[in-house]
Amino acid sequence: MTYSLTRSLKILTSSIIKTDEQLYKYTYTETGGAADIYVEAGTIEDTAAVIKFAKEHNLPVTYLGNGSNIIIRDGGIRGIVVSLLELNDITVADNTLIAESGAAIIDASQTALQHGLSGLEFACGIPGSVGGAVYMNAGAYGGEVKDCLKHVTAINEMGDFVTLTLDELELGYRTSRVQTEHLVVVSAEFELSADKDYADIKAVMDDLTEKRETKQPLEYPSCGSVFQRPPGNFAGKLIQDAGLQGHRIGGVEVSKKHAGFMVNVDDGTASDYEELIHHVQDTIQERFGVVLHREVRIIGDKLEK
Ligand code: FAD
């Protein structure tokens, strides 16, 4: 069945198609089972064609950016997984930076710097793609995608192209209309500012990079902050106060360096991650009456025992 579907997908002349592709290779946590069908989209048109194909064959489609905010369960993902990382052009004209969805937001930030444009400094250490950053309204150190995004081109579930302005995207704290309507972002246009010079922009980025390297356990696989910030509080502080740093399940532990992170220290699995996440949520609710909501996305099937 998967084989014949894959043969039909060969109409996508610019894309790479694989079956039973292991997804742990594409996630920052280094966990996750296989995708039935894995497509590395080579063009925007191919991306739209995959969506139409999936609709015709009643197959679910999952989009993957840089895999830095996702835990894919050990049983993998049914249907088609589309990686957008090959769509990674970045162009600049005047104060406008246009990036395809698979471009690293770090590269977009560096390109802005090279052109003496300010606005994307906050993103200089966020390891996601531009599409993933829009999807999550990624942010750091007081800045977020919402502050400089102008509009995006996306494809809807019917395979049709749509353009959404900043207002139409309804970006909130780690939320967007891209999530609720299962759109796929193919490119994003950012409006930046030329009112700072290169040295000032670089100084801000260097400062943020140093903060990140000092505070975050970047030496281990992780998915960044596991939980959203609860109102009036910090997830990391609550986890630290509960004495959970270093708590380990299987090969995954609450980071000793940054309590908001969970690091894969010894061949941990997605199921280790999920168990640890539930343990931390339960403990924090019992101890402080605070509900921790996940920031990281968990998708796919559990491994059948
Ligand atoms: P993925 O993990 O690949 O996917 C995340 C979600 O976005 C999935 O549901 C996926 O389906 C969807 N998606 C991806 N691309 C598209 C697309 N083109 N169209 C539609 N949907 C799409 N986040 C912050 O906000 N701030 C930080 O400071 C920060 N620091 C981090 C530090 C570390 C060490 C790590 C590992 C992560 C950090 N993150 C941070 C989390 C993560 O980098 C961001 O959420 C990032 O925006 C995710 O992008 P991605 O391409 O990796 O998305």
| query | Which ³J(HN,Hα) values, rounded to whole Hz and listed in residue order, are derived for region 123-131 from phi using the Karplus coefficients 6.51, -1.76 and 1.60 in 6.51 cos²θ - 1.76 cosθ + 1.60 with θ = phi - 60°, glycine and proline given as x? | reply | 8, 5, x, 7, x, x, 8, 4, x
| query | To the nearest 500 deg cm²/dmol, what mean residue ellipticity at 222 nm is calculated for the chain from DSSP H runs of n ≥ 4 alone, each contributing -39,500 (n - 2.57), summed and divided by the residues? | reply | -8500 deg cm²/dmol
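Taking 8 Å as the Cα distance limit and 6 or more residues as the minimum spacing, I'd like the relative contact order of region 199-273 as a percentage. Please list the in-between numbers first.
Details: 97 pairs, mean separation 22.8, N = 75.
For region 199-273, the relative contact order is 30 percent.
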| field | Expected-Rg normalisation [2.2 N^0.38 Å, Cα atoms] applied to region 163-283 | value | 1.34
| message | Treating the chain as a set of equal point scatterers at the Cα positions, no solvent, please give the Debye-formula log₁₀ I(q)/I(0) at q = 0.08, 0.13 Å⁻¹. | response | -0.37, -0.97
| Sorted largest first, extent of region 62-180 alpha carbons per principal axis (Å) | 45, 29, 27
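Explain nothing, just the number: dipole magnitude of the chain about its Cα centre with +1 on each Lys and Arg Cβ and -1 on each Asp and Glu Cβ, in debye rounded to the nearest 20. It would help to have the intermediate numbers written out before the result.
Working: 27 positive and 45 negative charges, 142 e Å.
For this selection, approximately 680 debye.
Report the GluC sites (Glu not before Pro) located in region 118-210 that are in a DSSP loop and have at most 16 other Cβ atoms inside 10 Å of their Cβ, or state none.
Numbers: sites: GLU121, GLU144, GLU157, GLU168, GLU170, GLU181, GLU189, GLU191, GLU210; in loops: GLU157, GLU170, GLU181.
Counting only loop positions with at most 16 other Cβ atoms within 10 Å, the GluC sites (Glu not before Pro) in region 118-210 are GLU157, GLU170, GLU181.
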| Check GLY79: other-chain or 5+ apart residues with amide H under 5 Å from its amide H, H built from backbone geometry? | ASP36, ILE37
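Please give the net charge around LEU164, taking every other residue with its beta carbon less than 10 angstrom from that of LEU164, where Lys and Arg add +1 and Asp and Glu add -1.
Numbers: positive: ARG177; negative: ASP167, GLU168, GLU170, GLU181.
Computed value for this residue: -3.
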| message | Can you order the peptides 72-85, 211-224 by their average number of other Cβ atoms within 10 Å per residue, highest first? | response | 72-85, 211-224
| query | By the scheme Lys and Arg +1, Asp and Glu -1, what is the net charge of all other residues having a beta-carbon under 15 Å from that of GLN240? | reply | +4
| task | Between ALA41, ALA235, ALA194, find the one with the highest GNM mean-square fluctuation for the chain; connect C-alpha pairs within less than 10 Å. | result | ALA194
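What number comes out for the charge environment of GLN228, summing +1 per Lys or Arg and -1 per Asp or Glu over other residues with Cβ under 14 Å away?
Values: positive: ARG174, ARG229, LYS237, ARG294, ARG297; negative: GLU144, GLU295.
Once all neighbours under 14 Å are counted, the net charge is +3.
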| field | Relative contact order (percent, whole number), the chain, Cα cutoff 8 Å, 6+ residue spacing | value | 18 percent
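Which entries of LYS25/LYS52; LYS25/LYS215; LYS215/LYS237; LYS150/LYS237 show an alpha-carbon separation above 24 angstrom in the structure shown?
On the way: LYS25/LYS52 27 Å; LYS25/LYS215 26 Å; LYS215/LYS237 13 Å; LYS150/LYS237 34 Å.
Long pairs (Cα-Cα over 24 Å): LYS25/LYS52; LYS25/LYS215; LYS150/LYS237.
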| query | What is the log10 of I(q)/I(0) for region 106-240, computed with the Debye formula using one identical point scatterer on each Cα and no solvent, at q = 0.18 Å⁻¹? | reply | -1.08
| When every alpha-carbon pair in region 1-114 is counted, what percent end up more than 19 Å apart? | 49 percent
| remark: Filtered hits (lysines, Cα-Cα < 24 Å from LYS55, offset >= 8 within chain) -> LYS10, LYS18
| message | Under 13 Å between alpha carbons, and skipping anything fewer than 8 positions from LYS302 in its own chain: which aspartates and glutamates qualify? | response | ASP74, ASP272, GLU274, GLU275
| request: May I ask for the distance between the Cα centers of region 239-262 and region 45-116, given as a whole number of Å? | output: 31 Å
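Every number in this text was worked out from the coordinates using simple rules, so none of it is lab data. No experiment lies behind these values; they were computed from the predicted model shown. Reconstructed Cβ throughout: ideal geometry from the backbone, glycine too, with neighbour counts over all protein chains shown.
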